[in-house]
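For reference, the structure discussed in these notes is given below.
The values are calculated or read from the model by the stated rules, or taken from the named source; none is laboratory data. In this text, all values refer to a predicted model and were calculated from it rather than measured experimentally. Methodologically, a virtual Cβ is constructed for each residue, glycine included, from the backbone with ideal geometry; neighbour enumeration extends over all protein chains shown.
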Protein chains: 2
Amino acid sequence: MEVDEVVCLPRLSRVAVCGGTHGNELSGVYLVRELLKVKKEVMEEEEEEEPLSVLMVLSNPRAVQQCRRYVDTDLNRCFTHATLNGPTSGDVPYELIRSRELNATLGPKGSSAAVDLVCDLHNTTANMGLCFIAYSDCDWICLHIFRHLQRKMPDIPMRYIHFEVSNKESYSLDSVGKHGFAMEIGPQPHSVVRSNIYTAMKDGVQHMLDWVCFFNSGTIFEGECVDVFTMIKHIDYPRDSETHNITAAIHPQLQDRDFCLLHPDDPLFQTFSGETLRYKGTEPLYPFFINECAYYEKGIALSLARKRRVMIPAIRVQTEQERQAAAQESEEEEEE
Amino acid sequence: MEVDEVVCLPRLSRVAVCGGTHGNELSGVYLVRELLKVKKEVMEEEEEEEPLSVLMVLSNPRAVQQCRRYVDTDLNRCFTHATLNGPTSGDVPYELIRSRELNATLGPKGSSAAVDLVCDLHNTTANMGLCFIAYSDCDWICLHIFRHLQRKMPDIPMRYIHFEVSNKESYSLDSVGKHGFAMEIGPQPHSVVRSNIYTAMKDGVQHMLDWVCFFNSGTIFEGECVDVFTMIKHIDYPRDSETHNITAAIHPQLQDRDFCLLHPDDPLFQTFSGETLRYKGTEPLYPFFINECAYYEKGIALSLARKRRVMIPAIRVQTEQERQAAAQESEEEEEE
């Protein structure tokens, strides 16, 4: 790729904004409800089709109803190819049924019928600001949207997190779209809605949709650099070998310091009797999801990431001519 | 009462420290577990009886197991005389059974067999610091303990909240003791443990137990003044009349400002469409429990209190002679 080359990418015609994938992460729940209400009002007033199709989805309505993360199993781990396409028998968990419904509506995952972009809304109890979480560090669409939000919302700490997982193994709802990311905002206790976090999410979604409109209408987005945090490993709490109960909490000097470099021998945990346990790794890494409520049961006290700078190229939408050429090329490839 | 009079009160022989009354308020859960472990170790080493009997109680073990506030119904609303003594039939909620077990162990409520002091440990998502919550504004024991903690822990914001409810109607676990209060600490998301909050609770409980030992050994505590916040009313979220869903969150200018005077016309809520709703009351009052997670279902967005200064007298423990005289007097009263 030459430095000045502009990468041409297909138009983003269908975008899904999903909330309530975890039923007790309330910013997304209330934002999706609000956007549905506004959309209905706009539709009723204008009665004309929108140039961009935006689907607003309440992903796990039963969990939302009960204000719990999930009813039977974590919905946001159900979108692997294996789980979506495997056999079912006996008592099928509600979330497994729901994941297939969502895959039918927004996917099928990996197919040309899938929506172009999925933005799945999440909250965390960790002090993470606004994060994009994606499976790719070379999805130029997601990365450019991220940069757009960074510029438009300078007061909100913002990071791009990369989970290095293949498309087949990717497990979350956003993996169903052609492009996708989770928009994770915190700190907010689960089952609580805080105005500042709600507003940040509302603004983030609006800027994302604006960007998609700019992109579709032919704007050229210049190439630039983005800091990407690639997840390296998780660290669990110290636990009692018999009861499996945790025996320590995140150290007060680490609590709320997501994305502040953790050095070897830095305090990591404080046991309930008052002892300090230190980070035994040899490489300084960036901690995140520090003390996330929902991860106690998953055995994760925090995650650690390596930071690196990624060059993203200039991009613009394909012209109609380019689209037809690309379609023909792809047809020919299939014939071969 | 003359200014210099010292009020003599019975010795506090049995104290209960309860955690996990709400199963997802984790500071108390882990603190009670830790104290039980330490106590066991001490007992094993020393094999002698403690001068003060301290009962450590995990109040709702099933809810703790499931890391939920409660299993069937809120345990901490089950301790009215009516609920403890009423008939039961059919499917009895687990917490109702458990409340009677606890009443048998720590009470019976209102009887001379009840423990002398119950300290029930709680967490809140509200930014309340450390609060005592009690049904009395003239329980000199609770008020003196509160002043002791204020002096010993100057870095922790500390308030005394008074719920004006008769002993018969009082509903919470701490009402089972002869004296009792809830120690409420926040902000902490439910189902999460934060070191700073855990440590504040641990220190608070230790200072309380120290005070009880000082008191029992004859220390005179001087009379002084305490600010008491008496609960006046609750305010619910604005809600959709059909769905009953909330339509607004606590206003960002009010969030986290517990115990900062709320004036008429101050911002109260921000609707999900961005509108500001204001406080329509005519009297400036002190807000607390602002955006407490567990109160969404109870229809409480915040509570309001009036502050006043209470004079508490000097107190000391009764001498053995005074105790016998008091016992005889009470016997004679019963005979009349």
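Would you tally the residues in region A:23-42 being more than 10 Å from every other protein chain (Cβ to nearest Cβ) and surrounded by 23 or more Cβ atoms within 10 Å (Cβ to Cβ)?
3
Pull up region A:178-194, narrow it to residues that are small (Gly, Ala, Ser) and closer than 21 Å to A:Thr230 by Cβ, then point me to the one that is farthest from the other protein chains (Cβ to nearest Cβ).
For region A:178-194, the residue satisfying everything is A:Gly180.
Consider only pairs whose beta carbons are under 7 Å apart and that are at least six residues apart or on different chains; among these, list those whose first residue lies in region B:278-293 and is away from chain A (no Cβ under 14 Å) and free of Cβ contacts under 8 Å to residues at least 24 places away in the same chain and whose second residue is assigned to a loop (DSSP other than H, G, I, E, B) and hydrophobic (A, V, I, L, M, F, W, C).
Close Cβ pairs satisfying both conditions: B:Pro284/B:Leu261.
Mind checking which residues of region A:257-276 are of a type in the set (A, V, I, L, M, F, W, C) and more than 9 Å from chain B (Cβ to nearest Cβ)?
Our first condition is that a residue be of a type in the set (A, V, I, L, M, F, W, C); within region A:257-276, this holds for A:259-262, A:268-269, A:272.
Selection gives A:Phe259, A:Cys260, A:Leu261, A:Leu262, A:Leu268.
Which members of region B:65-83 meet the condition of being more than 19 Å from the chain's Cα centre (by Cα), among the aliphatic types (A, V, I, L, M) and away from chain A (no Cβ under 14 Å)?
Passing the criteria: only B:Ala82.
So how many residues does region A:216-256 have that are within 14 Å of chain B (Cβ to nearest Cβ), at positive phi and surrounded by fewer than 13 Cβ atoms within 10 Å (Cβ to Cβ)?
Residues meeting the conditions: 1.
Give the residues of region B:24-47 that are at pLDDT 95 or above and farther than 21 Å from B:Gly177 by Cβ, sorted by residue number.
Once the filter is applied, which keeps residues that are at pLDDT 95 or above and farther than 21 Å from B:Gly177 by Cβ, region B:24-47 yields B:Asn24, B:Leu26, B:Tyr30, B:Arg33, B:Glu34.
Somewhere in region B:87-109, is a residue among the β-branched types (Val, Ile, Thr) and crowded, with 19+ Cβ neighbours inside 10 Å? Steps first, please.
Of the residues in region B:87-109, the ones among the β-branched types (Val, Ile, Thr) are B:88, B:92, B:97, B:105.
Going one step further and asking which of them are crowded, with 19+ Cβ neighbours inside 10 Å, we end up with none.
Checked against the condition, which is being among the β-branched types (Val, Ile, Thr) and crowded, with 19+ Cβ neighbours inside 10 Å, region B:87-109 yields no hits at all.
Can you name every one of the strands (runs of 3 or more DSSP E) wholly within region A:241-336 that holds 1 or more residues which are under 29 Å from the mean Cα position of the chain (by Cα) and modelled with pLDDT of 95 or more? Lay out the reasoning, then the answer.
Working: elements: A:248-250, A:267-271, A:276-278, A:286-288, A:302-312, A:314-317.
Answer list for region A:241-336: A:248-250, A:267-271, A:286-288, A:302-312, A:314-317.
Could you list all residues from region B:295-309 that are over 24 Å from B:Ser136 (Cβ atoms) and within 13 Å of another protein chain (Cβ to nearest Cβ)?
Of all residues in region B:295-309, those over 24 Å from B:Ser136 (Cβ atoms) come to B:296-297, B:299, B:301.
B:Tyr296, B:Glu297, B:Ala301 - these are the residues of region B:295-309 that are over 24 Å from B:Ser136 (Cβ atoms) and within 13 Å of another protein chain (Cβ to nearest Cβ).
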